[in-house]
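**Student:** Questions regarding the structure given below will be posed in turn.
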Amino acid sequence: MSVTGLLAEVADVGRDATRGGYSRFVYDHAELTLREWFTEQAERRSMEVETDRNGALWAWRHGSGGSVAPGAVVTGSHLDSVPGGGAYDGPLGVASALAAVDLLDARGVRPARPLAVVAFPEEEGARFGVACLGSRLLAGAIDPDRARGLRDAEGRTFAEVAAAAGLDVAHVGPDPARLAGIGAFVELHVEQGRGLADLDRPVAVASSVLGHGRWRLVVEGEGNHAGTTLMADRRDPLVAAAAVVLAVREVARRYDDARATVGRLQPVPGGTNVIASRVDLWLDARHPDDAVTAALVADVRRRAQELAAAEGCTVSLVEESYGGTVHFDAALRDRLLGVLPGAPVLATGAGHDAGVLASAVPTAMLFTRNPTGVSHSPHEHVEDADAEAGAVALADVLTDLLGA
Ligand code: GLV
Ligand code: MN
Ligand code: MN
């Protein structure tokens, strides 16, 4: 089946009428629907589907019986999205993997190794705050107790929500045996920039993932009445938070290659005629060099403290997640380039489960052209012909890695 045909089947799942695009949050109705769709698609391809201890779905070709035979070749991506995201970030990699399995079958490929398609949960961290939560748990990159205690916007813990979806949350955590059975992981993803569009090429091989992290700032002031509190008497944390947003941009501009964003800001209690008592805001900061990111965040902390004090408020800043720059396995990258001669090699500023798994298994990525260059937005796009070219490239790579 074509990638476009597969994505068309889920085109109505998780559409967000308010924000536009798609909101598919881990274990919400939309994401669970996508999991069912994935399971059904995998079973149609004679793949045996299992859920790992961290809630990732693994569809195995030539049955693993739940245990991973050594040297498995794994491909896939994620099904969850950012709030109001595009149709491709995540699902393109899953649909391309399924389409690649069809291509292998059509070519009569007889794999010498096990093959799996994986769908990781909570890659965006849109519900529980920590990006790549499923792959981090698998790789031992987050403490399981911390993961269990993460809360969504409604205050429900990851443990409660995952348990309600059927996961045995007592057992979330590292799975070294599973990782030891993986010979290579290749994630195909929509490109989240204009690299391929500018080069006029459909598919690229990834070189690296930019180091990135998330920090939560809590600005506290005094909640009060919008009409009865004189301007001179206010300790308004939203005014301080607004200044912090501007300071983040100013600080980031001082460091070459840095990116820093406040994309989420939440006044508490959040009423038109209410001076907030507290504002939570989230900083996303990225730079190739860990030391620069640390310096940038330290600058933000210092400026935030000054700006909060000027408004009679206080501020705290806590790291929620961090991952340094990842350079993908050079031998595997070169092997992909051997299969896809002349393919451009591109770095990415976006995070991926592949970036997390790279600490444990030989990992590579393919990017499919996005003509708009826009991502985390409904304007993310992939032309049908490029989607198919991506699946063919992935099938070529898998054929090689499977030792067929
Ligand atoms: C995910 O796409 C991220 O880069 O945060
Ligand atoms: Mn993604
Ligand atoms: Mn994303």
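**Student:** Just to check your reading of the model, which residue among 389, 395, 385 is in contact with a strand residue (DSSP E or B) (Cβ under 9 Å, 6 or more places away or on another chain), at negative phi and in the same structural domain as residue 193 (by TED's automatic domain parsing)?
**Tutor:** On the way: 395 fails: in contact with a strand residue (DSSP E or B) (Cβ under 9 Å, 6 or more places away or on another chain); 385 fails: in contact with a strand residue (DSSP E or B) (Cβ under 9 Å, 6 or more places away or on another chain).
Just a single option satisfies the conditions, and that option is 389.
**Student:** In this structure, is residue 105 outside any helix (DSSP H, G or I) and assigned by TED's automatic domain parsing to the domain that holds residue 144? Full working, then the answer.
**Tutor:** On the way: outside any helix (DSSP H, G or I): no; assigned by TED's automatic domain parsing to the domain that holds residue 144: yes.
Against the criterion (outside any helix (DSSP H, G or I) and assigned by TED's automatic domain parsing to the domain that holds residue 144), residue 105 does not qualify.
The rows are residues; the columns are (1) more than 29 Å from residue 380 (Cα to Cα); (2) touching a residue at least 40 places away in the same chain (Cβ under 8 Å); (3) not assigned by TED's automatic domain parsing to the domain that holds residue 91.
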| site | (1), (2), (3) |
| --- | --- |
| 299 | yes, yes, yes |
| 303 | yes, yes, yes |
| 306 | yes, no, yes |
| 312 | yes, yes, yes |
| 318 | yes, yes, yes |
| 333 | no, yes, no |
| 343 | no, yes, no |
| 356 | no, yes, no |
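**Student:** Find the helices (runs of 4 or more DSSP H) located wholly in the range 114-173 whose residues include 3 or more that are at pLDDT 95 or above and within 16 Å of ligand 3 (Cβ to nearest atom), and list them. Spell out how you get there, then give the answer.
**Tutor:** Working: elements: 133-139, 144-149, 158-164.
Counting at least 3 such residues, we get 133-139.
**Student:** I'm checking my understanding of the structure. Among residues of the range 330-380 that are among the charged types (D, E, K, R) and within 20 Å of residue 200 (Cα to Cα), which one is nearest to ligand 1 (Cβ to nearest atom)?
**Tutor:** Per the stated criteria, the residue is 380.
**Student:** Residue 294 versus (1) farther than 26 Å from residue 357 by Cα; (2) part of a helix (DSSP H, G or I); (3) not charged (D, E, K, R): which is the lone unmet condition?
**Tutor:** (1)
**Student:** Identify, from the list 349, 324, 390, the residue that is closer than 30 Å to residue 84 by Cα and in contact with an Asp or Glu (Cβ under 6 Å, 6 or more places away or on another chain).
**Tutor:** Details: 349 fails: in contact with an Asp or Glu (Cβ under 6 Å, 6 or more places away or on another chain); 390 fails: in contact with an Asp or Glu (Cβ under 6 Å, 6 or more places away or on another chain).
That would be 324, the only listed residue that is closer than 30 Å to residue 84 by Cα and in contact with an Asp or Glu (Cβ under 6 Å, 6 or more places away or on another chain).
**Student:** Looking at the range 87-119, which of its residues are among the acidic types (Asp, Glu) and buried (at least 24 other Cβ atoms within 10 Å of the Cβ)? Reasoning before the result, please.
**Tutor:** Going residue by residue through the range 87-119, those that are among the acidic types (Asp, Glu) are 89, 102, 105.
89 - this is the single residue of the range 87-119 that is among the acidic types (Asp, Glu) and buried (at least 24 other Cβ atoms within 10 Å of the Cβ).
**Student:** Sort out for me the helices (runs of 4 or more DSSP H) sitting completely within the range 317-404 that have 3 or more residues that are modelled with pLDDT of 95 or more and away from ligand 2 (no atom under 16 Å from the Cβ).
**Tutor:** Passing ranges, in order: 330-339, 384-401.
**Student:** I've got another one for you. For residue 374, work out the one condition from (1) away from ligand 3 (no atom under 16 Å from the Cβ); (2) among the aliphatic types (A, V, I, L, M); (3) surrounded by fewer than 20 Cβ atoms within 10 Å (Cβ to Cβ) it doesn't fulfil.
**Tutor:** (1) is the only condition that residue 374 fails.
**Student:** A follow-up question, please. Determine the pairs where a residue that is farther than 14 Å from residue 313 by Cβ, located within the range 232-257, has a partner that is among the hydroxyl-bearing types (Ser, Thr, Tyr) and surrounded by fewer than 18 Cβ atoms within 10 Å (Cβ to Cβ) with Cβ atoms under 8 Å apart, the partner being 6 or more residues away or on another chain.
**Tutor:** From residues that are farther than 14 Å from residue 313 by Cβ, the pairs are 248/261.
**Student:** Of these, 28, 16, 52, which one is closer than 29 Å to residue 181 by Cα and in contact (Cβ under 8 Å) with a residue 40 or more places away in the chain?
**Tutor:** After applying the criteria, what remains is 52.
**Student:** To continue, here is another question. Just checking, how many residues over the range 221-247 are buried (at least 19 other Cβ atoms within 10 Å of the Cβ) and either in a strand (DSSP E or B) or within 16 Å of ligand 1 (Cβ to nearest atom) (or both)?
**Tutor:** Adding up the residues that qualify gives 0.
**Student:** Being crowded, with 24+ Cβ neighbours inside 10 Å and over 12 Å from the mean Cα position of the chain (by Cα) is the filter here; which residues of the range 74-86 pass it?
**Tutor:** 74, 75, 76, 86
**Student:** Can you tell me which residues in the range 181-212 are in a helix (DSSP H, G or I) and surrounded by 21 or more Cβ atoms within 10 Å (Cβ to Cβ)?
**Tutor:** The answer is 196, and nothing else.
**Student:** A further question on this structure: Could you grab me the full set of residues in the range 260-307 that are touching a Pro at 6+ places or on another chain (Cβ under 9 Å) and farther than 15 Å from residue 215 by Cβ?
**Tutor:** If the condition is that a residue be touching a Pro at 6+ places or on another chain (Cβ under 9 Å) and farther than 15 Å from residue 215 by Cβ, then 267, 268, 274, 275, 276, 277, 278 are the ones that fit.
**Student:** Same structure, new question: Consider residue 258 against the criteria (1) surrounded by fewer than 15 Cβ atoms within 10 Å (Cβ to Cβ); (2) farther than 28 Å from residue 152 by Cα: it satisfies all of them except one. Which criterion is unmet?
**Tutor:** Unmet condition: (1).
**Student:** Look at the range 105-131 and say how many of its residues are of a type in the set (A, V, I, L, M, F, W, C) and within 16 Å of ligand 1 (Cβ to nearest atom).
**Tutor:** Counting residues in the range 105-131 that are of a type in the set (A, V, I, L, M, F, W, C) and within 16 Å of ligand 1 (Cβ to nearest atom) gives 6.
The values are calculated or read from the model by the stated rules, or taken from the named source; none is laboratory data. Please read all numbers here as calculations on a predicted model, not as lab measurements. Here the Cβ is made from the backbone with ideal geometry for all residues, glycine too, and neighbour counts use every protein chain on show.
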